[in-house]
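The values are calculated or read from the model by the stated rules, or taken from the named source; none is laboratory data. Keep in mind that what you see is a predicted model, and the values were worked out from it rather than measured. Methodologically, a virtual Cβ is constructed for each residue, glycine included, from the backbone with ideal geometry; neighbour enumeration extends over all protein chains shown. We work out accessible area using only protein heavy atoms, side chains counted, and drop any ligands, DNA or RNA first. Shrake-Rupley method; radii C 1.70, N 1.55, O 1.52, S 1.80 Å.
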Amino acid sequence: MALRRLNAIVVAFFFAFGVLIQGTLPAHGCSCAAPNPYAGLAEADGAFVGTLVEVDRSMLPITNTGQLIDFHFTVEAALKGDIGETVLVKSAADGAACGIEVPVGTRAGLLLYRSDGQWEGNLCATLDADALLSAAEGLPDPVAGSPPHLVIAAEMGTAGLVALDRQGQIVGYGEGPFPYMVSSCPDDETFIGSASDPTVKVWSYTDLSLVDQHLIDDSGTAWINELICASPKGESFLAIKGLSGLEETSLIRFSEGKISVVSEEIARLIPTADGAVAVGSDGVVYEVELQTGDLTPLSEPVDDVKGQIVAAVPSPDGSYLALTTVDWNASPLQGKVFVIDLADGTNTQTEVACDIYPLWLDDEKLFLNQCTSEIGHVYSTDLEALGGGQPPEYAYYKNYVTDETGAIFFPSEFAIRVVEPGTKESVEMARLFSYPGAILVVPEGIRSGWEGSGFTASVRYPPTTFIEIPAPGVPGPIAAASETPAWLLLFALTSAGAVFWLLLRRPAS
């Protein structure tokens with residue numbers, strides 16, 4: 001019996017130790033991004049803005065971070081669904097499992113989903129309260145009589161296009177869907193674009209009306225990846241066509257109603273300040289003649305990068321191209337960064353630990369945010385490290401513009417923002433809810449007064465590794481979330497003590 005008592009003591013000890021260890025193990029992170037408020041409202045079963053007043057955590061140990069617990073909110077505004085003055089929302093116990101991470105007393109907007117007669121929410125459906133309220137009111141009425149200064153392509157409910165004047169006032173809308181790829185035409189009157197389908201549409205800058213559209217493939221398996229308008233009214237253009245389920249892409253030319261394949265070995269088509277360039281599947285960079293589609297090599301092959309290109313970003317003056325690739329079959333991921341001099345065709349390269357997106361800070365410096373560190377680094381064009389730090393906020397958005405006054409326009413998470421000349425602070429121009437990003441477009445003729453050319457480029461798919469930035473007013477993950485809660489520590493010690501006490505009181509036989 002003494003041996004049995006010893007065994008029981010050992011079991012009690014390891015029970016307490018196990019509870020403590022479970023509480024201190026690092027939690028797996030929740031990787032997600034808040035949805036577009038318009039899209040979120042349309043898809044959710046319920047939505048409200050309110051304040052968290054209580055979180056009901058059971059006294060029993062939570063051994064699974066995905067276990068659902070009760071979050072009690074007072075409701076400021078019920079936006080969708082049968083929601084009263086208070087609402088109970090079920091969510092995971094820990095933010096690491098995408099549970100709600102709103103501190104008690106905090107105001108937030110939540111999108112809800114109905115499950116077994118209960119409301120459920122999560123970290124990924126937690127929005128800025130004012131953004132959700134504004135989205136529920138719909139888009140503001142446009143201002144009449146003011147000419148458009150720039151056009152934004154963004155996901156905004158039923159609208160996919162919006163025109164702003166110089167004061168940031170909305171002066172017109174164009175119907176959706178949001179065209180992921182856009183390009184200005186050389187007539188200063190039209191621009192072309194494509195959503196996630198094989199149709200290229202032509203719009204008017206003046207009133208955002210649809211002028212024409214061209215179907216480039218009717219197989220049902222193709223889509224447009226990138227495109228550049230080559231003639232007035234979008235009657236001629238170049239585009240990258242991709243095929244679903246395959247890594248094949250080809251450069252095509254549309255002219256006089258006919259489609260021709262320029263090359264089946266081209267992966268990217270990129271507008272620069274000095275004209276269009278294309279990147280082949282072997283990493284060769286070509287100069288592109290827009291009228292004919294003729295390709296002239298500008299560099300030597302860098303690697304077999306077919307299906308592995310993450311980003312191809314030209315410097316503001318068009319002198320260099322930053323090309324990043326990744327081997328998706330390697331574990332861990334193996335990436336490379338190339339900086340190609342488009343004048344002499346030479347390149348400098350370095351290996352990186354994942355897929356990254358380069359940001360040009362000016363014509364001579366670029367920023368790389370390594371996924372292995374939250375501190376990014378600035379590099380020269382020969383990839384010499386110049387120091388660490390973070391670039392200005394707008395540098396994270398490739399499609400930003402600087403107009404002739406020096407003002408910088410860029411798409412932020414829920415708005416178009418502007419940095420006034422001579423300042424570093426940005427202010428909101430228009431609340432457009434453009435997440436995950438918008439494209440800024442200006443006519444070709446106006447462009448001579450604007451610096452840079454990135455704003456006419458096609459949207460690139462962002463890298464899969466990124467640092468999450470919480471929505472305004474919604475706190476991010478709690479740094480100490482993986483530490484042992486005090487109640488769990490007390491419970492473990494009390495349980496172990498009780499077992500020891502009972503075993504010691506029991507007479508040995």
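A few comments on the model shown:
- Across 175, 189, the residue with the most accessible area heads the list, and the full order at a 1.4 Å probe is 175, 189.
- Accessible surface for residue 68 stands near 80 Å², nearest 10, in the context of the full protein assembly shown (1.4 Å probe).
- Normalising by residue count, the stretch 204-345 has a Cα convex hull of 132 Å³ per residue.
- The stretch 167-311, relative contact order in percent, only Cα pairs under 8 angstrom and at least six apart counted: 14
- At 0.692 mPa s and 37 °C, Stokes D of the stretch 106-211 from Kirkwood alpha-carbon radius, µm² per second: 206
- Entries of 201/258; 241/365; 201/424; 201/241 with Cα pairs more than 25 Å apart: 241/365; 201/424
- Anisotropy class of the stretch 150-264 from Cα gyration tensor, a/c 1.5 cut: prolate
- Carbon and sulfur %, accessible surface of the stretch 269-314 computed with the full protein complex present, 1.4 Å: 44
- The stretch 310-364: chymotrypsin sites (Phe, Trp or Tyr not before Pro) falling in loop per DSSP and having at most 14 other Cβ within 10 Å: 328
- Per residue accessible area in Å² of the stretch 214-253, where ligands, DNA and RNA are left out and the probe is 1.4 Å: 40
- Using only alpha-carbon positions in the stretch 136-183, the gyration tensor eigenvalues give semi-axes of 18, 14, 7 Å once each is multiplied by 5 and square-rooted (largest first).
- Heavy-atom accessible area for residue 114, with the other protein chains in place and a 1.4 Å probe, reaches approximately 120 Å².
- Simple label model, 7 Å out from Cα along Cβ direction - residue 146 to residue 329, nm: 5.5
- Descending semi-axes in whole angstrom, ellipsoid equivalent of the stretch 277-368, from the Cα gyration tensor: 22, 16, 10
- Take residue 216: with every protein chain present and a 1.4 Å probe, its accessible area is about 10 Å².
- Amide H contacts under 5 Å for residue 400: 455, restricted to partners 5 or more places along the chain or on a different chain, H placed in the peptide plane at 1.01 Å from N.
- Which of 217, 56, 274 is most accessible, then next, and so on - probe 1.4 Å: 274, 56, 217
- Anisotropy class of the stretch 211-276 from Cα gyration tensor, a/c 1.5 cut: oblate
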